[in-house]
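Report on the structure given below.
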Amino acid sequence: MTAWFASWGLTYEAAWLVATIVGILAIALPLMLAVAMIIYADRKIWAAIALRRGPNVVGPFGLLQSFADGLKVFLQETIIPSGANRGLFLIAPIITFTVALMAWAVIPFQAGVVLANINVGLLYILAISSLGVYGVVISGWASNSKYPFFSALRAAAQMISYEVSIGFILISVVLYAGSFNLSVITLAQKGNILGIFSANGLNPLLFPISVMFLISSMAETARAPFDLTEAESELVAGYQTEYSSMSFALFWLGEYANVILMCALNAILFWGGWLPPVDWAPLYAVPGIIWLFAKILLFFFIFSWVKATVPRYRYDQLMRLGWKVFLPISLFWVCLVSGWLMLTRYS
Amino acid sequence: MIQTIAFYLFATLVIASGALTVFARNPVHSVLWLILAFFNAAGLMILLGAEFIAMLLIIVYVGAVAVLFLFVVMMLDVDFAELRAGFVRYLPLGALLAIVLAVEIVFAIGAWSAGAINMGARIAPVASDVSNTQAIGQLLYTRYIFLFEAAGIILLVAMVGAIVLTHRKRGGVKPQDIGHQVRRRPEDATRLTRPESGQGVEL
C-alpha cells in the first residue's frame, strides 16, 4: 500500500505514514461495526438458547439494536463519583478500549494482508493482552468503591493465572510452526494433516491444547463461565459499577473486541486462519478473509453457546483449573511437543 | 527522520515518567508511572532492533511484575502525613544513595567518552539473515546454557522457598472431591422408610 501512495508523488516516509493510517482505519472501523453486530449476535444466540426472541424491535430483525444502544449511551451524562480518582477513572476505559484495538495490528486477514507483519507477532499479542488487565485494575481502584475493587483484584489474579498456561500453549504452536509470525504459523498449516486438511487442531498432538486454548481464552477475556469479575450476584457489575454513558460503552466495546480477537487467534493458531479447511484448489477461489471470518464466527458461536449453557465457576474452582490443571498439562505438553519434534523433524 | 522523532519521544517519556515515579505523592500513581517507563523503554528497544527483548520486557515487567506491584500497593492504606514524617529520618540514607548513583553516572560517562574497552568484540558475530529471536536462542542454548540453567534452578529454589514459607495446613477445611461426589449413588444418601403414624423417623 505504501508503494501505491508513493506513486501519487509523496515521499516514501509520507506515503508510509498515510498508508499506515489508512491501514489502521481499515481495520478499526470495520472492527467497530463487527463489534456492534457481534453484540447483537450474542444476544440473539443467548435468547434462542433460552427460548426467547432477543432484540427484535429496532430495525429489521432488531439488527440496529446495538446502534440504538450506542446512540443512547452517547447522549447520556458521564457521572464521575465524587470520591473517585478523576484522571485514572476516565483513563481506565480508554486503556481497555485502546489495548483491545492494538492487538489487531498483527492479525493476518489474508495472504499478505496484515498491518504489521512483524516476526514477533505472537509475542506482541501476548504483550498487548497482558496490558488489558490494567484497564480493569485501574478502574477498580480509581472508582474508590468496594465492589469494583474486589472485581479488580479478581481480574488481576485471573488474567495472570491464565496467561501462564496460554503462554505455554502458544509455545507448543510456535515450536510446531517454527516462527512467532502469525502469517508463517498460518502457512505452516497448509495441508499439514495428510495433505488434505489445513488445521493444527486436527493433529492428535495439538488437539488437546487447542481445546485448552479455547477454554483459556474464555477465561482470559472473562467471558462466562469465568466472568467472576462482573458476577452480578456478588459484585453488582464488578469494575464497571461506577461507570456510565461513553466510559461504560468503551469497556463494553473493548470487551467484545477482545472476544473477537481471541476467536481470531483460535482460528489462526489451530484451525488454519485464512486457509480453507480442506487443501483443495477450487476452495482457494473464495477469498481468505471469508474463511477467516467464517472461523471467527464459528468460535464466537461456541463462546455464546457456552455463555448461555454453563453456570458460573466459583473463584476457587477457577484458580484450581488454571494452576492445578491447565498449568501442569500445558507444561507437560511443551515437553511432549518439543520431544516429538526432536524425534521426527530435527533428528 | 521518523526514528529520530520516535527516539526523542520514547526517551523523553522514559525520563519524565521515571521522574514522576519518584515525585508522585500517591504510591499507586508511582507504580503507574513506572509502568509507563517500562513501556517506553520497550519502545527504545524496538528502535535498537531488539524486538524480542522489547516484547519480553512488556510481557514480564508490565504484564506480570508490575501487576503484582500494583496489586500490593493498591491494598495499602496510605497515610500521607506519616509518609512525610519519615522524610528527615531517611534523608542521610537517601542522600548516600543519590551520591553513589551520581558518581556511577559520572564514571559511566567518563568511561564511555574514553571508549577504551571494545565491548562489541566480546559478542559473538550473528549472521544477518537470522532474526534476533533465533539469534538469542542459539546463543542462550549453546554458549550460555549453564548460566541459563543456573538461573532456572535459582528461580526454582526461590519458588519452592516461597511456597514452603507461605504454605500451612489448615484444619477443618472441606475440599470438594469431585470423584467422590460423582461416585455417590441415591442408595448411599437416601433411605425409604414407612413409619407408623405418630412415630418419628430415626435420622
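The values are calculated or read from the model by the stated rules, or taken from the named source; none is laboratory data. Every value quoted in this text rests on a predicted model; they were computed, and no experiment measured them. Please note: Cβ atoms are built from the backbone with ideal geometry, for glycine as well, and neighbour counts cover all protein chains shown.
Scanning the stretch A:322-342 for residues that are without any contact (Cβ under 8 Å) to a residue 12 or more places away in the chain and closer than 15 Å to A:S165 by Cα yields A:K324, A:V325, A:P328, A:F332, A:C335. Of all residues in the stretch A:202-216, one or more are farther than 22 Å from A:L283 by Cβ, modelled with pLDDT of 85 or more and of a type in the set (G, A, S).
Checking each residue in the stretch B:138-175 for being at pLDDT 85 or above, among the β-branched types (V, I, T) and over 22 Å from B:F52 (Cβ atoms) picks out B:I153, B:I154, B:V157, B:V160, B:I163, B:V164, B:T166.
Can you tell me which of B:F69, B:F38 is at pLDDT 85 or above, surrounded by 10 or more Cβ atoms within 10 Å (Cβ to Cβ), among the aromatic types (F, W, Y) and not assigned by the TED database to the domain that holds B:G137?
Working: B:F69 fails: at pLDDT 85 or above.
Every option except B:F38 fails the conditions.
Tell me, please, whether a residue that is in contact (Cβ under 8 Å) with a residue 40 or more places away in the chain, surrounded by 16 or more Cβ atoms within 10 Å (Cβ to Cβ) and either in contact with a strand residue (DSSP E or B) (Cβ under 7 Å, 6 or more places away or on another chain) or not assigned by TED's automatic domain parsing to the domain that holds A:I296 (or both) can be found in the stretch A:104-125. No, the stretch A:104-125 has no match at all. Restricted to the stretch B:159-200, and to residues that are more than 19 Å from A:R320 (Cβ to Cβ) and acidic (D, E), which residue is farthest from the other protein chains (Cβ to nearest Cβ)? The selected residue is B:E196.
Is it true that A:G132 is in the same structural domain as A:L206 (by TED's automatic domain parsing), surrounded by fewer than 23 Cβ atoms within 10 Å (Cβ to Cβ), out of contact with any Leu (no Cβ under 9 Å at 6 or more places or on another chain) and more than 19 Å from A:Y315 (Cα to Cα)?
Details: in the same structural domain as A:L206 (by TED's automatic domain parsing): yes; surrounded by fewer than 23 Cβ atoms within 10 Å (Cβ to Cβ): no; out of contact with any Leu (no Cβ under 9 Å at 6 or more places or on another chain): yes; more than 19 Å from A:Y315 (Cα to Cα): yes.
For A:G132, the condition - in the same structural domain as A:L206 (by TED's automatic domain parsing), surrounded by fewer than 23 Cβ atoms within 10 Å (Cβ to Cβ), out of contact with any Leu (no Cβ under 9 Å at 6 or more places or on another chain) and more than 19 Å from A:Y315 (Cα to Cα) - is not met.
Restricting the stretch A:132-177 to residues that are among the aromatic types (F, W, Y) and farther than 22 Å from A:I94 by Cβ leaves a set whose member that is modelled with the highest pLDDT is A:F168. Just one of A:W8, A:W4, A:W16, A:W46 is modelled with pLDDT of 85 or more and either away from every other protein chain (no Cβ under 14 Å) or surrounded by 13 or more Cβ atoms within 10 Å (Cβ to Cβ) (or both); which is it? Matching residue, one of A:W8, A:W4, A:W16, A:W46: A:W46. Among the numbered conditions (1) at pLDDT 85 or above; (2) within 14 Å of another protein chain (Cβ to nearest Cβ), the only one that B:M75 does not meet is (1).
Of the residues making up the stretch A:154-183, those that are within 19 Å of A:W274 (Cα to Cα) and in contact (Cβ under 8 Å) with a residue 12 or more places away in the chain are A:L170, A:V173, A:V174, A:Y176, A:A177, A:S179, A:F180, A:N181, A:L182, A:S183. Candidates A:P81, A:P55, A:P30, A:P93: the one that is in the same structural domain as A:S183 (by TED's automatic domain parsing), of a type outside the set (A, V, I, L, M, F, W, C) and at pLDDT 85 or above is A:P93.
Collect the residues in the stretch A:233-267 that are part of a helix (DSSP H, G or I), acidic (D, E) and buried (at least 21 other Cβ atoms within 10 Å of the Cβ), keeping them in residue-number order. If the condition is that a residue be part of a helix (DSSP H, G or I), acidic (D, E) and buried (at least 21 other Cβ atoms within 10 Å of the Cβ), then A:E255 is the only one that fits.
Regarding A:I329, is this residue assigned to a helix (DSSP H, G or I), under 21 Å from A:I45 (Cα atoms) and assigned by TED's automatic domain parsing to the domain that holds A:V113? Steps first, please.
Details: assigned to a helix (DSSP H, G or I): yes; under 21 Å from A:I45 (Cα atoms): no; assigned by TED's automatic domain parsing to the domain that holds A:V113: yes.
Taking the combined requirement at face value, the residue does not satisfy it.
For the criterion of being away from chain B (no Cβ under 14 Å), of a type outside the set (F, W, Y) and in a helix (DSSP H, G or I), A:S217 passes.
Tallying residues that are assigned to a helix (DSSP H, G or I), among the aliphatic types (A, V, I, L, M) and within 14 Å of chain A (Cβ to nearest Cβ) within the stretch B:1-17 yields 3.
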